[in-house]
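Accompanying notes for the structure given below.
The values are calculated or read from the model by the stated rules, or taken from the named source; none is laboratory data. Quantities reported herein were computed from a predicted structural model and do not represent experimental measurements. Cβ coordinates were reconstructed from backbone atoms using ideal geometry, including for glycine residues, and neighbour counts include every protein chain displayed. Quick note on the areas: whole protein, heavy atoms, side chains included, nothing else; ligands and nucleic acids left out. Shrake-Rupley method; radii C 1.70, N 1.55, O 1.52, S 1.80 Å.
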Amino acid sequence: MTSDPLLLTGELDDATDRLLHAVDELDAADVAADSLLPGWTRGHVLTHLARNADAFVNLLTSARTGEPIPMYASPAARAADIEAGAARPPAALLDDLRRSAERFTEAVAAMPVAAWAATVETRRGPWPAASLVWGRLREVEVHHVDLAAGYRPADWPEAFAQRLLHEVTAGLVDRADAPAMVLRFDGSAHELLVGEPTDAPTVTGPAAELAAWLIGRSPGSTLTVTPDGTLPTPPEWI
């Protein structure tokens, strides 16, 4: 696995192509239907993905120029933009998604090597610029699932699923609200630990299903728990 932004661009291109192909199949009733995210239609999810691409362009530009450019103008502006664009017809949503993805690709291509070492300010705090391509890939893959249009966590590429699982697990390690557990994904003897492993249950399954369960995109019904018992309850993914 790698987080090298230039090595991840191919994966992002493939993920974006899958998303665009799926959106091209949606009609007006489809985009107005509910997504998996409470209170959001598919149109909300697609508009968010387009504006998120532009937000990442802002961060890439900030890294390249040294200017303190915010990801979004404000939380209120972010929410208003999503709401304003959600009810557009499918063709407009698809065009916006495609054009914003192209702007992101152009912004990545414009980055000098030294600029990847910069730190930028995201909604969730400072990030290394080198993590921005991964961040966009994660948005595309997870929200493609959120469209509830036939793309499931099991469809994630294995490299993406394992990378997401490692990242989410690492984020749980210092959280007091995270239950102790041992995670073991199929095909690997490597275990991921959250909390004190003594007497903690071991949860086993495909990397994609483990990751989807931890981020609230799956009930974890295909996972197994040892010793027998109920699955732990992960905290909300942030």
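General remarks:
- Only one of the listed residues (87, 63) is aliphatic (A, V, I, L, M) and either within 21 Å of the chain's Cα centre (by Cα) or in a helix (DSSP H, G or I) (or both). That residue is 63.
- The number of residues in the stretch 85-97 being touching a residue at least 24 places away in the same chain (Cβ under 8 Å) and either surrounded by 15 or more Cβ atoms within 10 Å (Cβ to Cβ) or of a type in the set (A, V, I, L, M, F, W, C) (or both) comes to 9.
- Of the residues making up the stretch 149-158, those that are open to solvent by 40 Å² or more (accessible area, probe 1.4 Å) and not in a helix (DSSP H, G or I) number 4.
- Residue 161 under 19 Å from residue 146 (Cα atoms), open to solvent by less than 30 Å² (accessible area, probe 1.4 Å) and touching a strand residue (DSSP E or B) at 6+ places or on another chain (Cβ under 6 Å): no
- Flag if residue 167 is surrounded by fewer than 20 Cβ atoms within 10 Å (Cβ to Cβ) and either closer than 24 Å to residue 232 by Cα or at pLDDT below 95 (or both): yes
- Any chance residue 203 is more than 25 Å from residue 134 (Cα to Cα) and either touching a His at 6+ places or on another chain (Cβ under 9 Å) or among the hydrophobic types (A, V, I, L, M, F, W, C) (or both): yes
- Scanning the stretch 103-140 for residues that are assigned to a helix (DSSP H, G or I), of a type in the set (A, V, I, L, M, F, W, C) and under 15 Å from residue 52 (Cβ atoms) gives 104, 107, 108, 132, 133, 134, 137, 140.
- Summed over the stretch 17-45, residues that are in contact with a Phe, Trp or Tyr (Cβ under 9 Å, 6 or more places away or on another chain) and either assigned to a loop (DSSP other than H, G, I, E, B) or buried (at least 19 other Cβ atoms within 10 Å of the Cβ) (or both) total 1.
- Residue check: residue 227 meets all listed conditions (1) touching a residue at least 60 places away in the same chain (Cβ under 8 Å); (2) open to solvent by 10 Å² or more (accessible area, probe 1.4 Å) but one, namely (1).
- Test: residue in the stretch 46-59 that is farther than 21 Å from residue 99 by Cα and either out of contact with any helix residue (DSSP H, G or I) (no Cβ under 8 Å at 6 or more places or on another chain) or open to solvent by less than 40 Å² (accessible area, probe 1.4 Å) (or both): no
- In the stretch 98-112, the residue that is most open to solvent (accessible area, probe 1.4 Å) out of those that are in contact with a Leu (Cβ under 9 Å, 6 or more places away or on another chain) and more than 22 Å from residue 23 (Cβ to Cβ) is 110.
- Checked against the criterion of being assigned to a helix (DSSP H, G or I) and small (Gly, Ala, Ser), the stretch 66-74 contains not a single residue that satisfies it.
- Within the set 189, 170, 200, the sole residue that is out of contact with any Lys or Arg (no Cβ under 9 Å at 6 or more places or on another chain) and closer than 22 Å to residue 4 by Cβ turns out to be 170.
- Evaluated against (1) exposed (fewer than 12 other Cβ atoms within 10 Å of the Cβ); (2) of a type in the set (D, E, K, R); (3) under 13 Å from residue 50 (Cα atoms), residue 81 falls short on exactly one condition, (1).
- Remark: pairs (first residue in the stretch 101-115, modelled with pLDDT under 95; second residue outside any loop (DSSP other than H, G, I, E, B); Cβ separation under 8 Å; 6+ apart in sequence or on different chains) are absent.
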